[in-house]
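Encoded as C-alpha cells, the structure appears first; notes follow it.
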Amino acid sequence: MISQQQIINWIDNFAAVIAENKDYLTELDAAIGDADHGINMNRGFQKVSEKLPTVIDKDIGTILKTVSMTLISTVGGASGPLYGTFFLKASAVAAQKEELTLEELVQLLQAGLEGVIYRGKAELEDKTMIDALSPAVDAFQQSLTNNDSVVEGLQKAVNAAEEGMKKTIPLIARKGRASYLGERSMGHQDPGATSSYLMLTTLLKAVREEN
Amino acid sequence: MVSLVLVSHSLPLAASIANLIQHIVKEDVNIAIAARVDDPEHPWGTDVIKIQQAIKSVYSDDGVVVLMDLGSAVLSAEMAIARFSESEDIINPLQWQQSG
C-alpha cells in the first residue's frame, strides 16, 4: 500500500527537486522554448509547498486536488494547465482515499497521463512530457502483470521515463513554442519530459523510503 | 451584447487592447482582462482561475468571446472553460461552443 504520508512526501520532495533543478530546466527551455520552465514550475511548486501543511490530514484526493488548483493559478506557462490537469485527473482516482493499492497508483498515473494528453493534444514523439510519462505508465502497468512490488514497478517506470526523456533529444518538436523552430529543435532535450522524469523519480524515492 | 475576455501574458498589452476597443466601438462593450501572474520578478503568464473569474464577471446569455495571445494562454483558457462545465455553474458547455 502507498500511504497518504508517502504522497505528501512525494509532493514535498518534488517541490524541492524542482527548486534544485530550476536553472537546469530553464536552461533546457532557453534552447528551444521561452526560457521559463524552471522559473514557472518553481513558482508553482513553492506555492504548493506553502499550501501542503493545510491539507496534511486530508485524504489523498484532496491533497492532489489542492496541488492542481495551486498550479493552475500560479505556474503561468503551459506547464500550469498541463501539470494542473495531471494532478486533477489523478486526484479523482484517489478521492476519499487514505492509502492506495499498487493497482490504484497505476490507475492514478494513467488518469494523469490521459489528462495531459487531452489537455495538450500531444502524441508520442511530439517532443513533450508525454514522451517521458507515456512509456513510464506502460512499464508500470506491465509490471502489474509480473506481480512486481510497488518499488520494482516504479523503478521500471522511472527507467522508461528516463529513456523516453533522452529520446526527445533528436526529435523535432511538434507542440508548443519549440515547434516553431522546426528542425532547429533537434539536439535538445525537452524540458517538460525532463520535469516529468523528475516527478517520477521523486515518487519512487517517496515510496521506497517508507516501505 | 457579446462580452470580451482578453487573456494575455502581459497586462499592459491587454489593457491597451481593451482601451483601443473601447475607443473604436461606439457602444459600451463589457471587456474583462485576465493577464499576468502574481510574481513581480516574472509576471508574464496566464492564470486559469483568473480567466474563469474574468469570464464570469462579463458573462451574459449573449455569450463571451475569449481572445488569447500565445500558446499557453490557449491551454489556460481551455482549462478555464472546461472548469465551468465541471462545476455546477451557470454555463452550459454547448453554449460555450456556440459563443466561443
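One table, with the values for the structure above:
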read-out: Centre separation in Å (Cα based) which lies between the range A:110-144 and the range A:34-107; value: 17
read-out: Order of exposure, largest accessible area first, which applies to A:Thr101, A:Thr168 with probe 1.4 Å; value: A:Thr101, A:Thr168
read-out: For chain A, diffusion coefficient by Stokes-Einstein and Kirkwood Rh (Cα), 4 °C, 1.567 mPa s, µm²/s; value: 77
read-out: Percent RCO, i.e. relative contact order, over chain A, from Cα pairs under 8 Å lying at least 6 residues apart; value: 23
read-out: Label point 7 Å beyond Cα of A:Ala35 along Cβ direction - residues of the range B:42-86 with amide nitrogen under 14 Å; value: B:42
read-out: Largest-first ordering by accessible area, 1.4 Å probe, given options A:Lys97, A:Lys166; value: A:Lys166, A:Lys97
read-out: In Å², nearest 10: area of B:His42 left accessible to a 1.4 Å probe; value: 60
read-out: Value at 222 nm in deg cm²/dmol, rounded to 500, when DSSP H runs of n ≥ 4 in chain B each add -39,500 (n - 2.57); value: -15000 deg cm²/dmol
read-out: For B:74-85, mean number of other protein chain Cβ atoms within 10 Å; value: 4
read-out: Neighbour cut-off at most 13 other Cβ (10 Å), DSSP loop, GluC sites (Glu not before Pro), the range B:1-92; value: B:Glu27, B:Glu41, B:Glu88
read-out: Global geometry of the range B:3-99, whether rounded, prolate or oblate, following the gyration tensor of its Cα atoms and the 1.5 cut on a/c; value: oblate
read-out: Charge-dipole axis of the range B:3-99 as Lys and Arg at +1 and Asp and Glu at -1 on Cβ define it, positive-most pick from B:Phe84, B:Gln52, B:His23; value: B:His23
read-out: Surface accessible to a 1.4 Å probe, A:Ser195 within the full protein complex, Å²; value: 0
read-out: Lysine pair count for chain A [Cα-Cα under 16 Å; pairs on different chains or 8 or more apart]; value: 15
read-out: Heavy-atom accessible area ranking, 1.4 Å probe, most first, across A:Tyr24, A:Tyr180, A:Tyr197; value: A:Tyr180, A:Tyr24, A:Tyr197
read-out: Ellipticity estimate at 222 nm from DSSP helix runs (n ≥ 4, -39,500 (n - 2.57)) divided over chain A, nearest 500; value: -23000 deg cm²/dmol
read-out: Karplus-derived HN-Hα couplings along the range A:24-36 (A = 6.51, B = -1.76, C = 1.60, θ = phi - 60°), whole Hz, x at Gly and Pro; value: 4, 5, 5, 4, 4, 6, 5, 5, 10, x, 10, 6, 9
read-out: DSSP beta bridge pairing in the protein assembly as shown, given as percent antiparallel to the nearest 5; value: 15
read-out: Inter-chain shielding of A:67-78 (mean C-beta neighbours from other protein chains, 10 Å cut-off); value: 6
read-out: Heavy atoms of A:Lys65: accessible area, 1.4 Å probe, square angstrom to 10; value: 100
read-out: 11 Å beta-carbon shell around A:Ser195, net charge (K/R +1, D/E -1); value: -1
read-out: Rounded tilt (10° steps) of A:150-167 against the dominant C-alpha axis of chain A; value: 10
read-out: Pairwise label distance in nanometres, A:Glu125 with A:Lys58, each label 7 Å out on the Cα-Cβ vector; value: 4.1
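The values are calculated or read from the model by the stated rules, or taken from the named source; none is laboratory data. The model shown is predicted, which means the values in this text are computed figures rather than measured ones. A quick note on method: Cβ atoms are made from the backbone with ideal geometry, for glycine too, and the neighbour counts reach across all protein chains shown. Note: areas computed on protein heavy atoms with side chains; ligands, DNA, RNA excluded. Shrake-Rupley method; radii C 1.70, N 1.55, O 1.52, S 1.80 Å.
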